[in-house]
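The values are calculated or read from the model by the stated rules, or taken from the named source; none is laboratory data. What you see is a predicted model; the values in this text were computed from it and never measured. So basically every Cβ, Gly included, is an ideal-geometry build from the backbone, and we count neighbours across all protein chains shown.
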Protein chains: 2
Amino acid sequence: MVNQVQRGDGTCQSCKSDSSGASNSGGESSKESSRCSTPVLDSDRSDRLRDKMRRRMESGDHWFSLEFFPPRTASGAVNLISRFDRMGSGGPLFIDITWHPAGDPGSDKETSSMMIASTAVNYCGLESILHLTCCNQTKEKITGYLAKAKHLGLKNIMALRGDPVGADWEEEEGGFNYATDLVKHIRSEFDDYFDICVAGYPTGHPEAESYEEDLRHLKEKVDAGADFVISQLFFRADTFLKFLDDCRQIGITCPILPGIFPIQGYQSLRQLVKLSKLEVPEEITKVIEPIKDNDAAIRNYGIQQAVEMCRVLLDSGKVPGLHFYTLNREVATMEVLRQLGLWIEDPRRPLPWAVSAHPKRKVEDVRPIFWASRPKSYIYRTQDWDEFPNGRWGNSSSPAFGELNDYYLFYLKSKSSKDALLKMWGEELMNEVSVFEVFTCYITAQPNRSGHKVMCLPWNDEPLASETNLLKDELEKVNRRGVLTINSQPNINGKPSTDPVVGWGPAGGYVFQKAYLEFFTSSENVTALLKVLKKYEPRVNYHIVNVHGRNLTNAPDLQPNAVTWGIFPGREIVQPTVVDPVSFMYWKDEAFALWIEQWAKLYEDESPSRMIIKYIHDNYFLVNLVDNDFPLENCLWQVIDDMFELLDAPPDSLNDGTVSE
Amino acid sequence: MVNQVQRGDGTCQSCKSDSSGASNSGGESSKESSRCSTPVLDSDRSDRLRDKMRRRMESGDHWFSLEFFPPRTASGAVNLISRFDRMGSGGPLFIDITWHPAGDPGSDKETSSMMIASTAVNYCGLESILHLTCCNQTKEKITGYLAKAKHLGLKNIMALRGDPVGADWEEEEGGFNYATDLVKHIRSEFDDYFDICVAGYPTGHPEAESYEEDLRHLKEKVDAGADFVISQLFFRADTFLKFLDDCRQIGITCPILPGIFPIQGYQSLRQLVKLSKLEVPEEITKVIEPIKDNDAAIRNYGIQQAVEMCRVLLDSGKVPGLHFYTLNREVATMEVLRQLGLWIEDPRRPLPWAVSAHPKRKVEDVRPIFWASRPKSYIYRTQDWDEFPNGRWGNSSSPAFGELNDYYLFYLKSKSSKDALLKMWGEELMNEVSVFEVFTCYITAQPNRSGHKVMCLPWNDEPLASETNLLKDELEKVNRRGVLTINSQPNINGKPSTDPVVGWGPAGGYVFQKAYLEFFTSSENVTALLKVLKKYEPRVNYHIVNVHGRNLTNAPDLQPNAVTWGIFPGREIVQPTVVDPVSFMYWKDEAFALWIEQWAKLYEDESPSRMIIKYIHDNYFLVNLVDNDFPLENCLWQVIDDMFELLDAPPDSLNDGTVSE
């Protein structure tokens, strides 16, 4: 708790990123994780994986990690990314992605190991390890892969030999013979940039001359510069524990993590045994053979067996974390983790939006509010920035957002199929009011006319967030009348940072918000709105824009407006969200495009339904409103009421004076 | 009020510094000034003088400016700087400093024009013009002066010929003949960096061939690149108004400001007439001659005459501002300005601390709290920084504070004489309690034992600020018992930014503060305090240090802690004050040194009084405390109470467990 400040030779660095010796302020969990959207302490964002492990081992907090393989199809990739989000929410310390030369693993394809691992880091905020095999590769090729991984934000490599092409192994000229060579190469070319892990075999590698020979080989790999070891799967706790002791005996001191494989089915077990050349112990076959046609029963057994084995491993005191071979499936692994008490869904967020784990985004802590429901889009469109705003948005020198294109849209297509979307949004639209109804059903969670719940909208791929749910009634009212809301937040005047619905950041602090509303609406409404807004100056800031770029705002000097901020013990102010007039002009392209890309295109060209959506796209305006007076009751609903009152009034009142556009 | 955002070619600059077209948010004064400590709108800090003038002329807000001459003695310089602070508080648009070759005006002496003007800009936050004469100077010398002025933060030059050495004028080889040459030279060497003004003579320059010739000469000067004209003094409004019309007639379009000289005494008027070769009109001599021995009466008359003349000038609609020749005196000029309604003491501050007007400090908006009462010291010690913290303190890359040295101390000596200080702080100190009493009297504004009011302390050259006055009773209590407070602020939970005592920044916002207390106290007290502080973790952050550099803090990761912040309509959060553990280690040197430099040295070497102060310097600790829980009642007084309770308790309780040092 107590630190000394050392004066240097007159030049003192503010010791912000040096967390050695500093302890967490009371009440904060010391749990580090790379969970989706919620990396925790500031120091976690700058810690490397081996340091995170060291801290967990010091505090005795066990962790888990998850291994996945790259998908074969584009839709498989979309599903896998969603899986990362879901499984990431339980708090894995890291995940890893396997590497298979046949699948073009270093390419830019959406299905490549490189791209999948990069997406996990950048878009899902997960600490990720990229496997890399070196046999049949030249040194130049390997260096190229490593450089690309580094550029993409990957910081951890699992160095493997891999399976040689052809049955026998031939020495490659100018290439690698063993994983040890790869480890040496990584250290020699990239110094200490990457954390490196290597594979260990609790019963020895199938091709090793002997168990002892393989142990020596493992020591060689570690001495070449590996930071930790992940083991092949095994069926008995004592198999691994003996291996662990033997490693320690010959002087391997780094962390050694057990690889856990919950048995998921009879055929999959047979396949596994064939590939790994392991023997299934009798106590397991005895149970499985009788139920081999009952996959459900086998799955349950597999979960039990894994839980018991893991408990023994954790209780030994020598196993700091568990590594799961998921085979890209969720249920069994999550169940095992829950039963072990390792699956922790911490609702606490360090920031109100999903954080990326790319090292260059380490200090990023302020974003425009517009992408609140589309953080992956934001990350994509800002991926070429060299620096990211820290503290203030205004410091950002050039918010040049990348354009939208097909590749980006790939990862951002709706999770739902075209059929599902048509059911939710209407097989056939009659008029604009049909569209209003879709929005209203989304807000209220009530089924639409054809009995389907509207689970998403083009701008929101998830149902209403709990914070937005607070505003449900007012939102419903306005959507019914054609104020089509796509983003909003209530005003908050100093709620504790641990508040379960609106809290974020370290404990012991207070969070604040200005009320915000963003919606599409007709130009007739906008005409009335502009008159109403005059009365609310300067309390309400607005920005109104259409697809052609025509826009009006009363932002003073076009400056960004803080709409979310927090005060925490012993820290500077955090201001994670702003309404920025310049960024809004980039966001609007995306917001308008989504009408066409996700909705209009569900219908046939020239169909009435499509024309309705197109009409909205061409003629409606996108409006954002901020109520600056956060201690007072949110006045934006009154603004909308006043607008409707003006619209409902006899025609004269709309023609007073000049109607500004 | 309404702006359009233009998209560029994909790279958009956040239009933060471009204020063209943007209007002030309702309620904010459009008055620009360079008043001490209170430059107003953000845009003012980046506007050049000619732009500020243009804006005032557009809005019809008259301004005033003040001319001073450099002092001859060091103590004269100290007095002049104080005068700048006092006269700056009334809101001059700019001040100017005259240039006299005999006084080494371009040197580094404290009395030079260059240093005085630089101090006005950097330490008093005033927009300043440096006069510069060019006759008998080489071009190289002049360029050198201009470069030095630029480096020091000066942005405006009054270009003059000056009076030649010797009775007749000889053309200088490689030099300047006329002010026009100087104007051309400045533009040629420095482009548009400086705003340039030139002198005009309402009745023609004494050495000009004719009035018309002098007008043509003035036009030449302006065409060479001057931005505005300041006139020689005159005695009748119509003299100036005619001159103004004649200037417009021959095509001089820039602002032309009248120079006003309130008559202050009979001899001074005679002297002035001799130097300027002007004729005093009969209507004035008629009044003055009879009362020539009555300086008070002449002064009153001078004020009347100036007020009447200025009213005529302002009412003409052609005179945007008035320029006063103060002759370094305050009373008459301030009286004239008050009567004209131009003297505006705006208590509103853009930031809670005194802003410097050096262009490189334009974006500075966060400072450590420690120098709150010593802003000039802070400015001095950071004068070599290339960048200044904006938004967050943590962004500052290396807070390397310059050391204290004699030159700096010159401007920062107490305003009071040694005698006055001895009266306030004690001709003779009996013991430490004598010292406690001095602090207590300062806080309460009650006279000390010898009947003198304590108007200042070594760390506070002014009486208690009104904000600190809110805490007077609690401060008195703790000072009596040897908690010698030198800096404090109350907690504030969202008061309007226009609050007269604690408000700052644009109107319509809310200001916040965490409670803060900084004091010297004995090591015995500190031992008890450390035990007490354990109970208050993590709500209270502390940093405790002695003169030898021994220190303890519980600042998490040694990060800066926000203690003042504000939220304003349409803007990002402003966080102007932090408690920074790294800067505290620099501040402490200054704080401890002040015991010796300003107090101990009042007494003779080896005297008991001196030994007492030295004992305190060597053995006391400097403590700062922050109560992070700003919505709750300030707990720091309770912390101090608890400390005293522990000290007053029977001895056992102090020896529980380990007493950490």
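Observations
- Number of positions in the range A:62-94 that are farther than 20 Å from A:ASN156 by Cβ and in a loop (DSSP other than H, G, I, E, B): 4
- Flag if A:PRO255 is at pLDDT 90 or above and within 30 Å of the chain's Cα centre (by Cα): yes
- Number of the condition not met by B:ILE298 [criteria: (1) in the same structural domain as B:ILE284 (by the TED database); (2) surrounded by fewer than 20 Cβ atoms within 10 Å (Cβ to Cβ)]: (2)
- The range B:204-222, residues that are in contact (Cβ under 8 Å) with a residue 40 or more places away in the chain and either in a strand (DSSP E or B) or surrounded by 20 or more Cβ atoms within 10 Å (Cβ to Cβ) (or both): B:LYS221
- Scanning the range A:572-587 for residues that are of a type in the set (Val, Ile, Thr), more than 8 Å from every other protein chain (Cβ to nearest Cβ) and under 22 Å from the mean Cα position of the chain (by Cα) yields A:VAL574, A:THR577.
- Residue within the range A:479-490 that is touching a Pro at 6+ places or on another chain (Cβ under 9 Å) and at pLDDT below 95 present: no
- Flag if B:PRO631 is within 14 Å of chain A (Cβ to nearest Cβ), farther than 22 Å from B:LEU529 by Cβ and touching a helix residue (DSSP H, G or I) at 6+ places or on another chain (Cβ under 9 Å): no
- Residue match in the range A:272-284 (condition: under 33 Å from the mean Cα position of the chain (by Cα) and surrounded by 20 or more Cβ atoms within 10 Å (Cβ to Cβ)): no
- Every residue from the range A:351-396 that is of a type in the set (Ser, Thr, Tyr) and touching a Gly at 6+ places or on another chain (Cβ under 8 Å): A:SER356, A:TYR380, A:THR382
- Residues of the range B:557-566 that are facing chain A (nearest Cβ under 7 Å) and within 25 Å of the chain's Cα centre (by Cα): B:ALA562, B:TRP565.
- Only residues that are touching a strand residue (DSSP E or B) at 6+ places or on another chain (Cβ under 7 Å), within 26 Å of A:GLY494 (Cα to Cα), within 9 Å of chain B (Cβ to nearest Cβ) and not aliphatic (A, V, I, L, M) were counted in the range A:507-556, giving 6.
- Total residues in the range B:340-361, condition in contact (Cβ under 8 Å) with a residue 12 or more places away in the chain, under 30 Å from B:THR253 (Cα atoms) and out of contact with any strand residue (DSSP E or B) (no Cβ under 6 Å at 6 or more places or on another chain): 6
- Yes/no for B:THR38 being in contact with a Lys or Arg (Cβ under 8 Å, 6 or more places away or on another chain), away from chain A (no Cβ under 14 Å) and at pLDDT below 50: yes
- Condition broken by B:TYR603, with the remaining ones in (1) out of contact with any helix residue (DSSP H, G or I) (no Cβ under 7 Å at 6 or more places or on another chain); (2) away from chain A (no Cβ under 14 Å); (3) at pLDDT 95 or above satisfied: (1)
- Single residue of A:PHE324, A:PHE370 found to be within 14 Å of another protein chain (Cβ to nearest Cβ) and at pLDDT 95 or above: A:PHE370
- Selection status of B:HIS548, over 15 Å from B:LEU646 (Cβ atoms) and touching a helix residue (DSSP H, G or I) at 6+ places or on another chain (Cβ under 7 Å): no
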